[in-house]
Amino acid sequence: MRVITSDVLVIGAGLAGERTAIACAKEGLDVMILSLVPPRRSHSSAAQGGMQAALANSVMGEGDNPTVHWLDTVKGSDWGCDQEVARIFADNAPIAMREMAHFGVPWNRVKGGEQQVFIKGKKATITEDSVNEGLITARAFGGTAKWRTCYTADGTGHTVLYTMDNMVLQMGIPVHDRMEAIRLIHRDGRCIGAIVRSLRDGEILAYVAKATVIATGGYGRIYGESTNAIINEGTGSWLALQTGIVPLGNMEAVQVHPTGIVPTDILVTEGCRGDGGLLLDVDEYRFMPDYEPEKMELASRDVVSRRMKEHMLKGKGVKSDYGEHLWLDLRHLGEQHLKTKLREVYDICMYFIGVNPITELVPVRPTQHYSMGGIRVNKDGHAYNLEGLFALGEVACWDMHGFNRLGGNSLAETVVAGMVIGKEVAKYALQTDLSIELGLAEEAAQMERRKMDSLLNGDGTENVYEVRDEIGRILTKYVHIFRTGEGLQTAVDELKKQIERAKNVKVRTTAPGMNPELSTALRIEGMAKQAYTIAKGALDRTESRGAHYREDYPARDDSNWLNRTLVRWPDPDGEPVYEYEPVGLLDLPPGDRGYGGGQMIDMTKTVDEYNEQVDPGQTAKGRLSPSEATGARLPKEAWRAELEGKE
Amino acid sequence: MGRTLTFKIFRYNPTKDNDQPHIEAYRLEEIPRLNVFSALNMIREQQAPDLMYDFVCRAGICGSCAMMINGRPTLACRTLTSDLPDTIELFPLPFFKLLGDLSVDTGVWFREMGERLESWIHTQKQFDPEAQEERMDNATANKIYESERCIECGCCIAGCATAQVYPDFLGAAGLNRIGRFLFDPRDERGDQEWFELVSTDEGVFGCLGMMACDDVCPKDLPLLEVFAYIRRKVSGMALAK
């Protein structure tokens, strides 16, 4: 077996992974990046709308600052986030955007003078201050008090990823693409790299490093119907779950985006609504103001998706061969706007569903989009219970999103986390010795070889694609926007069967090389088990918070459930182990989000009592000590000035 | 009644002993709005489990799935079978290294191209986290974005006659990349540096002007405009010498 060593091994070449690699390379470390696909094909490239950062250059961002951004993020999370992490994010986001400008992103800029825009669905004229001409501008997104989302037309992920990858080129950081990490190499609570399968020729290799970073994105494809790229099958979070010791956090927190197009489930950006697009029903009636008089189409995604589903359940959906949907109306934005600022959207509608958004309504429905949950890490990005393992981006539960993330916050997270956590990874790698335990690597590789042998030559009977489709069907049916105890119990029971089926898969071809069916078969156990952790976590959480909405428990319950779900899978043939930890230090006490109209059960503890249990509570669950004390980055009650100023 | 489609697909697995390149035919009942992405998945899942091809975003954004469809390089994900005849021939893109069946190694080629062109902003300025960003005119940002929209799918290279006979040719994707940085005021490279990069047979003078690249570019990049700009710029530099 070939063994390749580096100081830092980064698994995943999207924005989060590449930014981390750059941070480490800047410290003189020897960095290696692995990727399933050529880096510029990573799913980061598909992000359209933009990145939130409180630069406050546009007149519609006047009065914005990181505290206001932080407030929006905490409310958006339905108080499920770690408020200190949200703070680290909001404080660093403007720096990250400017740095990306320095690296070469052609951000759209403020143009001085009068501009025609849409605000809350109505035509309006704003006057941009010529003093800010040429600075990075922003557009509106859901759940935000200000226009804060920086963009390059509707190809933001694309330009930022290309720019980031240019930096990787400039720094000469190697990327081994078409490589899939399939098992972590670890012993006694220390991770020393990963076993990797080449998707070019099937070779099994060991990549050994002082620090291993997982930045592989989300697991949306487990749902089958998802806006995600087809490579987002939860391979990175499975690496962690497979260890048996690293917990995944809040797996039940799954975002359903309001506007996947029908059919094909391809996303059209929230920027469509940010720029003035409206949601219409079967009667071409604009229904969102009836449900959300304040935010209308621009409430948070969990709320808009829920309202859309609610409206369809009232019989107001549009029937089609591909199931029910609603309409997204962009016609009034005009040809000029649709062919420039929303050109990708225009192309997607034209090419994939033959709809011209300049003259026609776009069929949309809420579609699985994002995983708030993932590998649980401390504020340095260091995984619980496993030294030397870091995670960031969508694959991680850092946890700035809690139970619902705001649009434009995840793309920004990749770059901000890469900057912040990248430094911590570098710090760790600089003070750690390389431990090349060949025996340990060989042992891990042997486990994977045995698995492959059994998939290829064993007496299994199941077809991997049928199991995959069934898992997606179960999740989409029972673990979606509206959840019930009964439905979730069915999902848990059914998914348990899929785990057994997954163990009994037989690959129909022994072709050497990339063997695409073997690749899927190697992922299927991880997909089935992660699906199970999502459904079981949702069943056990008897409250509604953010994207997790229980019809039988409609209230957010801060007295019992102001916590984070942690799940580990210590015995591969047994049941997963569920635990709960405090969400983190509370600065903004739980309250009303200002949209969504949900019920609340107040917390019984005081904020101080709650905060006292945070450090010991998280440490008891395996959190490694962060490099700074808990709360060091949380300026206490800075929000008061903002809220009181408003009142 | 739906049609029965026949997919004639180039097959070759270089990792398999004694495998020879050949064509295999697969039949599929056409369903409404079928695209080549879904069709290939159906063929792999039901008929040819070892069939190799590349998709990532399946939304025309990532550039993974370019292939020759009835002789024309294009993105498979957004090609509807209803726009094609009953028989559909699928071949891998020429020019790039074949990994197997319809899968080619565009990633390595584009990385090498990027390294060759030093595809990054050349600047002496240091980033100052405390400072406001440098200003840029929005029209300039838009102009850069026009060229930055390239998704590196390789269609232009596959459709380029020069590239087929002269493998060092930068092709439309490479020239467009040069344009992207030429347009960018943040890039401090001087005329001399650009001149050396562009004014060669691998660069702008290798282009025979047949512009198949412009016909096949799935993102409708303004290639004609970019090439004209580069030519003008290079001529100006030559005169100035």
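Annotations
- Output for region A:593-603, where each listed residue is buried (at least 18 other Cβ atoms within 10 Å of the Cβ) and not in a loop (DSSP other than H, G, I, E, B): A:Met600
Conditions tested, residue by residue: (1) of a type outside the set (A, V, I, L, M, F, W, C); (2) more than 11 Å from the chain's Cα centre (by Cα); (3) closer than 19 Å to A:Arg187 by Cα.
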site	(1), (2), (3)
A:Gly373	yes, no, no
A:Phe390	no, yes, yes
A:Gly418	yes, yes, no
A:Thr432	yes, yes, yes
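- Those residues of region A:99-113 which are touching a residue at least 24 places away in the same chain (Cβ under 8 Å) and outside any helix (DSSP H, G or I), in sequence order: A:Gly104, A:Val105, A:Pro106, A:Trp107, A:Asn108, A:Arg109, A:Val110, A:Lys111
- Residues that are outside any loop (DSSP other than H, G, I, E, B), more than 17 Å from A:Thr73 (Cβ to Cβ) and out of contact with any Asp or Glu (no Cβ under 8 Å at 6 or more places or on another chain), drawn from region A:46-61: A:Ala46, A:Met60
- Condition check for A:Tyr578: assigned to a loop (DSSP other than H, G, I, E, B), among the aromatic types (Phe, Trp, Tyr) and either touching a helix residue (DSSP H, G or I) at 6+ places or on another chain (Cβ under 9 Å) or loosely packed, with under 12 Cβ neighbours inside 10 Å (or both): no
- Looking across region B:134-146, the residues that are more than 7 Å from every other protein chain (Cβ to nearest Cβ), surrounded by 13 or more Cβ atoms within 10 Å (Cβ to Cβ) and not acidic (Asp, Glu) come down to B:Thr140, B:Asn142, B:Lys143.
To keep it simple, each residue is scored yes or no on (1) buried (at least 17 other Cβ atoms within 10 Å of the Cβ); (2) at positive phi.
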site	(1), (2)
B:Gly154	yes, yes
B:Ala163	yes, no
B:Leu170	yes, no
B:Gly179	yes, no
B:Asp184	yes, no
B:Thr200	no, no
B:Phe205	no, no
B:Leu208	no, no
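- Verdict on A:Ala194 being touching a residue at least 60 places away in the same chain (Cβ under 8 Å), more than 10 Å from every other protein chain (Cβ to nearest Cβ) and either in contact with a Lys or Arg (Cβ under 7 Å, 6 or more places away or on another chain) or closer than 17 Å to A:Val415 by Cα (or both): yes
- Looking across region A:1-57 at every residue that is β-branched (Val, Ile, Thr) and away from every other protein chain (no Cβ under 13 Å), the one that is nearest to A:Asp154 (Cα to Cα) is identified as A:Thr20.
- Among residues of region A:351-387, those that are among the β-branched types (Val, Ile, Thr) and closer than 30 Å to A:Gly193 by Cβ, counted: 2
- Within region A:309-321, not a single residue is within 18 Å of A:Ala153 (Cβ to Cβ), among the charged types (D, E, K, R), surrounded by fewer than 18 Cβ atoms within 10 Å (Cβ to Cβ) and within 14 Å of chain B (Cβ to nearest Cβ).
- Any chance A:Val160 is more than 9 Å from chain B (Cβ to nearest Cβ), over 23 Å from the mean Cα position of the chain (by Cα) and at negative phi: no
- Criterion applied to A:Lys111, A:Lys122 was being out of contact with any Gly (no Cβ under 7 Å at 6 or more places or on another chain) and within 14 Å of another protein chain (Cβ to nearest Cβ), and the one residue passing it is A:Lys111.
- Hey, B:Glu152 in contact with a helix residue (DSSP H, G or I) (Cβ under 7 Å, 6 or more places away or on another chain), without any contact (Cβ under 8 Å) to a residue 24 or more places away in the chain and either of a type outside the set (D, E, K, R) or not assigned by TED's automatic domain parsing to the domain that holds B:Ile69 (or both) or not: no
- Boolean, A:Ala229 is touching a residue at least 24 places away in the same chain (Cβ under 8 Å), within 14 Å of chain B (Cβ to nearest Cβ) and surrounded by 24 or more Cβ atoms within 10 Å (Cβ to Cβ): yes
- Look at region B:115-133: where a residue is closer than 20 Å to A:Pro174 by Cα and more than 9 Å from chain A (Cβ to nearest Cβ), no partner that is exposed (fewer than 14 other Cβ atoms within 10 Å of the Cβ) and among the hydroxyl-bearing types (Ser, Thr, Tyr) sits 6+ places away or on another chain with Cβ atoms under 9 Å.
- Within the option set A:Gly202, A:Gly236, A:Gly260, being assigned to a loop (DSSP other than H, G, I, E, B) and either out of contact with any Cys (no Cβ under 8 Å at 6 or more places or on another chain) or touching a residue at least 12 places away in the same chain (Cβ under 8 Å) (or both) holds for one residue only, A:Gly202.
- All of A:Trp70, A:Trp79, A:Trp147 fail the test of being aromatic (Phe, Trp, Tyr), within 24 Å of the chain's Cα centre (by Cα) and either outside any loop (DSSP other than H, G, I, E, B) or within 14 Å of another protein chain (Cβ to nearest Cβ) (or both), apart from A:Trp70.
- Where helices (runs of 4 or more DSSP H) fall entirely within region A:420-533, those with at least 2 residues that are within 14 Å of chain B (Cβ to nearest Cβ) are at A:438-457, A:464-478.
- Qualifying residue in region A:399-419 (condition: surrounded by 21 or more Cβ atoms within 10 Å (Cβ to Cβ), hydroxyl-bearing (Ser, Thr, Tyr) and in a helix (DSSP H, G or I)): yes
- Filtered by the rule that a residue be over 28 Å from the mean Cα position of the chain (by Cα) and either of a type in the set (D, E, K, R) or buried (at least 18 other Cβ atoms within 10 Å of the Cβ) (or both), region A:604-636 gives A:Lys605, A:Asp608, A:Glu609, A:Glu612.
- Complete set of residues in region B:15-69 that are at the interface with another protein chain (Cβ under 7 Å from one of its Cβ atoms), surrounded by 20 or more Cβ atoms within 10 Å (Cβ to Cβ), in contact (Cβ under 8 Å) with a residue 40 or more places away in the chain and of a type in the set (Val, Ile, Thr): B:Ile61
- Residue in region B:86-95 that is in contact with a Ser or Thr (Cβ under 7 Å, 6 or more places away or on another chain) and facing chain A (nearest Cβ under 9 Å) present: no
- Restricting A:Leu248, A:Leu239 to residues that are farther than 24 Å from A:Asn563 by Cβ and among the hydrophobic types (A, V, I, L, M, F, W, C) narrows the list to A:Leu239.
- Scoring B:Leu182 on the criteria (1) within 14 Å of chain A (Cβ to nearest Cβ); (2) more than 24 Å from B:Gly236 (Cβ to Cβ); (3) of a type outside the set (Ser, Thr, Tyr) leaves a single failure, condition (2).
- Criterion: surrounded by fewer than 16 Cβ atoms within 10 Å (Cβ to Cβ), within 26 Å of B:Cys155 (Cα to Cα) and among the hydroxyl-bearing types (Ser, Thr, Tyr) - qualifying residue of B:Thr106, B:Thr87: B:Thr87
The values are calculated or read from the model by the stated rules, or taken from the named source; none is laboratory data. All values reported here derive from a predicted model rather than from experimental measurement. Positions of Cβ are generated from backbone atoms using ideal geometry, with glycine treated the same way; all protein chains shown enter the neighbour counts.
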